[in-house]
1. For the range B:15-32, state whether one or more residues are more than 14 Å from chain A (Cβ to nearest Cβ), without any contact (Cβ under 8 Å) to a residue 40 or more places away in the chain, surrounded by 15 or more Cβ atoms within 10 Å (Cβ to Cβ) and not in a strand (DSSP E or B).
2. Could you list all residues from the range B:129-188 that are part of a loop (DSSP other than H, G, I, E, B) and within 14 Å of another protein chain (Cβ to nearest Cβ)?
3. Can you name the condition, by its number, that residue A:35 falls short on among (1) of a type in the set (Gly, Ala, Ser); (2) surrounded by 11 or more Cβ atoms within 10 Å (Cβ to Cβ); (3) more than 14 Å from the chain's Cα centre (by Cα)?
4. Scan the range A:41-51 and give yes if some residue there is modelled with pLDDT under 95, over 23 Å from residue A:15 (Cα atoms), among the hydrophobic types (A, V, I, L, M, F, W, C) and in contact with a helix residue (DSSP H, G or I) (Cβ under 9 Å, 6 or more places away or on another chain), otherwise no.
5. Please pick out the residue among B:134, B:175 that is at pLDDT 90 or above, open to solvent by 40 Å² or more (accessible area, probe 1.4 Å), over 16 Å from the mean Cα position of the chain (by Cα) and not hydroxyl-bearing (Ser, Thr, Tyr).
6. Residue A:105 versus (1) small (Gly, Ala, Ser); (2) open to solvent by less than 20 Å² (accessible area, probe 1.4 Å); (3) closer than 27 Å to residue A:123 by Cα: which is the lone unmet condition?
7. Any idea how many residues of the range B:33-48 are in a strand (DSSP E or B), open to solvent by 20 Å² or more (accessible area, probe 1.4 Å) and more than 14 Å from chain A (Cβ to nearest Cβ)?
8. What's the number of the only condition in (1) open to solvent by less than 30 Å² (accessible area, probe 1.4 Å); (2) among the aliphatic types (A, V, I, L, M); (3) under 30 Å from residue B:203 (Cβ atoms) that residue B:87 fails to meet?
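The values are calculated or read from the model by the stated rules, or taken from the named source; none is laboratory data. Note that the structure is predicted; figures quoted are calculated from it, not measured. Note that we place each Cβ from the backbone using ideal geometry, even for glycine, and neighbour counts take in every protein chain shown. The area values use the complete protein model at the heavy-atom level, side chains included, leaving out ligands, DNA and RNA. Shrake-Rupley method; radii C 1.70, N 1.55, O 1.52, S 1.80 Å.
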Amino acid sequence: MEITLKECLPEADALRLAIGVDLGTTLVSKLGTRAHRDRICLGAAVEEAAACEERSQGGWIGITKIVYDGLPEELATHFQYSSTAKCYVAKDLQVTNIERAKRAAAYAGGGVFLQHTERGAVVSDRDNSANNSIFITPARPYAHEQ
Amino acid sequence: MRMNSNRWHERDGGARLTHDRALIVERYPGLSYRIHAVSKRILLEGHLILRGDSGVPERIEIRIEFSDQYPFQEPTIIEVGKRFPHIVDRHFHANGACCLWLPPKSRWKGHEPDGLLSFLDEAVLFFDRQLICDVVGYFPGPQWGQGYEGYIEYVQEQLGNDRVFVALVPVFTTDLNPGRNDLCPCGKSRKYKHCHLPTVESIRREVGPEMLRAAFRDFVRRALAKGNYAYNKSERSEQIFY
């Protein structure tokens, strides 16, 4: 989100986002007059997520225990309990890093899927065969002192 | 009659260059050809864009250099943006040249029309693994040992058997030169020419006799230093303890 925001708003380069997440039943609606409606979200989980976000510093993702308990292990390892934020926090966690850690296992397992798009080469550990991706077992690199 | 130029991109009226350029424009639009002002050699340079499932782009600046033997000799790809440390552990030479593979296991397919695209696809995965290495702290997936070790691993794989490998070490160091009709050093009761000679010749051809001898002499030197190698030339017996 931060990368996209800075791409769209270069003047916000110094901005760091904090994110709070909780899980629970909420009421989602739109309020206002015609053509001037705001989307709203009400509920205890929203308040708790907002509290996590407010107690977190820029670049942190704060999640409550119920969210933490539901995370798969490879994601849960990025979070640690913070007494200041009073929730589980991951610092400077980037989606690219999570993806790359998953792809490390794919490379060890035999290969990855490569797809060429107008916006560049997409490398994935998932089969996107509907999008003309091809499975490649990469060469074993080598090196020697020159 | 048209003179055949020494420059690969001028041969046959530049047909190969025209063909390659059309492929590159379609698949890797961030790259473009340029003629070096001094050497007059053609370069392919620019950037690769790599994305994961999230779509976040990563830009890698590269330059590809072609020898006059192109497409019969593979090009050299150089990471010019210094995005990664140019060290042997990361499979880079000091000048940023990427070591995509062990030479005998080269995947370069110069004889195929889209050989350059396959080469660039391999380069994309090479750089993707570099990005992963930055995150996880190790180079993902299989790789060859550095320097002579890589060639020793290659020979071990070709022979497919540790016992045979040990028996043939003196052959590769050239301390032992069995005749074609001698018994094979591997210990089987077969003539060398009907047993491991074809494999040994194939390995020598792929690696090159000089590199092979140097790699195996280095291997024996290291084994001797550890005290786990013994070879008796007169009795033609050898032993390596791992």
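1. Yes: the range B:15-32 contains one or more residues that are more than 14 Å from chain A (Cβ to nearest Cβ), without any contact (Cβ under 8 Å) to a residue 40 or more places away in the chain, surrounded by 15 or more Cβ atoms within 10 Å (Cβ to Cβ) and not in a strand (DSSP E or B).
2. B:137, B:138, B:139, B:140, B:141, B:142, B:143, B:144, B:145, B:146, B:147
3. The single condition residue A:35 does not satisfy is (2).
4. Checking the range A:41-51: not a single residue is modelled with pLDDT under 95, over 23 Å from residue A:15 (Cα atoms), among the hydrophobic types (A, V, I, L, M, F, W, C) and in contact with a helix residue (DSSP H, G or I) (Cβ under 9 Å, 6 or more places away or on another chain).
5. It is B:134.
6. (2)
7. Counting residues in the range B:33-48 that are in a strand (DSSP E or B), open to solvent by 20 Å² or more (accessible area, probe 1.4 Å) and more than 14 Å from chain A (Cβ to nearest Cβ) gives 4.
8. (1)
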